[in-house]
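What follows is a set of notes on a single structure, which appears directly below.
The values are calculated or read from the model by the stated rules, or taken from the named source; none is laboratory data. Note that the coordinates shown come from a computational prediction; the quantities given were computed from them, not determined experimentally. Using ideal geometry, Cβ is built from the backbone for each residue, glycine included, and neighbour counts are taken over all protein chains shown.
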Amino acid sequence: MSVPGERAERLAAAARERELDLLLVSELVSLRWLTGFTGSNGAALVDAAGAPERPGIFLTDFRYVTQVQSQVDAAWDRRQVAQELLGPGIAEQLEPGEAPIRLGFDDRHLTVAQFERLRAAVEDRAELVPAGGLAEALREVKDDGEASRIREAAHLADHALTEVLGRGLAGRTEAEVALDLEVAMRRHGAEALSFPPIVASGAHGALPHAEPRASVIEPGVLVTIDWGARLEGYCSDCTRTFAVGEVGDEERAVYDLVLRAQEAALGAVRPGPTGREVDAVAREIIADAGHGEHFGHGLGHGVGLEVHEGPRLSKTGEAPLTAGMVVTVEPGVYLPGRCGVRIEDLVLVTEDGAEVLNTLPKDLRVVD
Ligand code: ZN
Ligand code: ZN
């Protein structure tokens, strides 16, 4: 998968805004986004003044030299260094100059030990400037190629779940259903899972991050399934809650409430409002119904190369949504010891609204 050179340009512009000379990208997810490299050891030195045809230096060790030839565009100055590259491997690339250069590093991901090693290696040739989050902020807005990979992953995950539901839920254990779903996603072409699927029935569904148990799913309960597939690095994320046979009035009422909140919030997704404002749409409906304390997590999150990334749709989401963002809308109501409902869609923010990327219906579906 070749990566548009425009990403390096935008990152260089962000580096210039911070008055950096070079920006070190060492965290592997952002490195993949920037260069296409999927190996386990590499780094890029983005030249803040670099032209698009000369974005900077790409470093890896002996094991990945061949892989880099096919993955990392030749516009990068591709060099081989020692395996522990965050140290002398970086320092060797710095041109000797009169004044120390300003070298941005990822203070959100570098360990203290890596930082100390880097500082010792660059000595007084570079001033290390904390600059974490620059690539992550750009990653929030997806280009068409990224959005279509996420859309494809979502469709694949939908097909896999449809197949699994065809085999029924009652009488199987949560763990069996989860494994069935994992295998179905892989068989449908997923390269991996976004995360281990959640399958939570009855009172267990009141745990937002329940782990599938070896206990049998009984008729008369709700089952929450949260699952996602990974395709060419990009994740999907979706949740549906099903009824196994006939469920009680309380379950139905909670389901209707969550669905109403979910659809209202979905209707609020478009460029302009902040994550906090969209979160508030669902939160208000759930609070008005007397269940405010039973919706203890944020409404949603960004999805891309990581299943949880920016932006946040929560009480702390202060950034406005913009076209190209891919976010989840997933309110839930969890009644401890009784039941839980969560409904999650994956949504692309478009110029004039939003496109839901997954396709499974949301009316309460009864599965045997
Ligand atoms: Zn999810
Ligand atoms: Zn999610």
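A few remarks follow.
- Residue 231 vs. criteria over 19 Å from residue 295 (Cβ atoms) and surrounded by 21 or more Cβ atoms within 10 Å (Cβ to Cβ): yes
- In the stretch 275-293, residue nearest to ligand 2 (Cβ to nearest atom) [restricted to those that are within 12 Å of residue 257 (Cα to Cα) and touching a strand residue (DSSP E or B) at 6+ places or on another chain (Cβ under 7 Å)]: 286
- Only one of the listed residues (300, 324, 317) is over 24 Å from residue 200 (Cα atoms) and under 15 Å from the mean Cα position of the chain (by Cα). That residue is 324.
- Residue within the stretch 43-51 that is touching a residue at least 60 places away in the same chain (Cβ under 8 Å) and closer than 15 Å to residue 106 by Cα present: no
- For first residues located in the stretch 331-354 and on the phi < 0 side of the Ramachandran plot and assigned by TED's automatic domain parsing to the domain that holds residue 290, partners that are among the aromatic types (Phe, Trp, Tyr) and within 16 Å of ligand 1 (Cβ to nearest atom) and lie 6+ apart or on another chain with Cβ distances below 9 Å form the pairs 331/295; 332/295; 333/295; 334/295; 340/334; 341/334; 342/334.
- Test: residue in the stretch 187-195 that is surrounded by 15 or more Cβ atoms within 10 Å (Cβ to Cβ), of a type in the set (Lys, Arg) and on the phi < 0 side of the Ramachandran plot: no
- Criterion: in contact with a Pro (Cβ under 9 Å, 6 or more places away or on another chain), over 23 Å from residue 305 (Cβ atoms) and in the same structural domain as residue 328 (by TED's automatic domain parsing) - qualifying residue of 182, 163, 176: 176
- Counting only strands (runs of 3 or more DSSP E) wholly contained in the stretch 194-264, no element carries 1 or more residues that are outside the structural domain of residue 343 (by TED's automatic domain parsing) and away from ligand 2 (no atom under 16 Å from the Cβ).
- Restricting attention to the stretch 22-35, the residues that are outside any loop (DSSP other than H, G, I, E, B) and hydroxyl-bearing (Ser, Thr, Tyr) total 2.
- Residue list for the stretch 118-137, filter: assigned to a helix (DSSP H, G or I), of a type outside the set (A, V, I, L, M, F, W, C) and surrounded by fewer than 18 Cβ atoms within 10 Å (Cβ to Cβ): 119
- Scanning the stretch 318-329 for residues that are more than 11 Å from ligand 2 (Cβ to nearest atom) and within 17 Å of residue 264 (Cβ to Cβ) returns a single hit, 321.
- The listed residues are 210, 190, 178, and the only one of them that is within 16 Å of ligand 1 (Cβ to nearest atom) and within 30 Å of residue 3 (Cβ to Cβ) turns out to be 190.
- Of all residues making up the stretch 204-226, the number that are touching a residue at least 40 places away in the same chain (Cβ under 8 Å) and either surrounded by fewer than 16 Cβ atoms within 10 Å (Cβ to Cβ) or basic (Lys, Arg) (or both): 7
- Pairs where the first residue, in the stretch 87-112, is farther than 16 Å from residue 127 by Cβ and the second is of a type in the set (Lys, Arg), C-beta under 6 Å, 6+ apart: 87/117
- Condition broken by residue 35, with the remaining ones in (1) among the polar types (S, T, N, Q); (2) modelled with pLDDT of 95 or more; (3) surrounded by fewer than 23 Cβ atoms within 10 Å (Cβ to Cβ) satisfied: (3)
- Matching entry among 176, 140, 152 (being without any contact (Cβ under 8 Å) to a residue 24 or more places away in the chain, buried (at least 16 other Cβ atoms within 10 Å of the Cβ) and acidic (Asp, Glu)): 176
Yes/no matrix, rows are residues, columns are (1) touching a Cys at 6+ places or on another chain (Cβ under 7 Å); (2) in a loop (DSSP other than H, G, I, E, B); (3) closer than 13 Å to residue 103 by Cα:
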position	(1), (2), (3)
8	no, no, no
16	no, no, yes
20	no, yes, yes
37	no, yes, no
50	no, yes, no
63	no, no, no
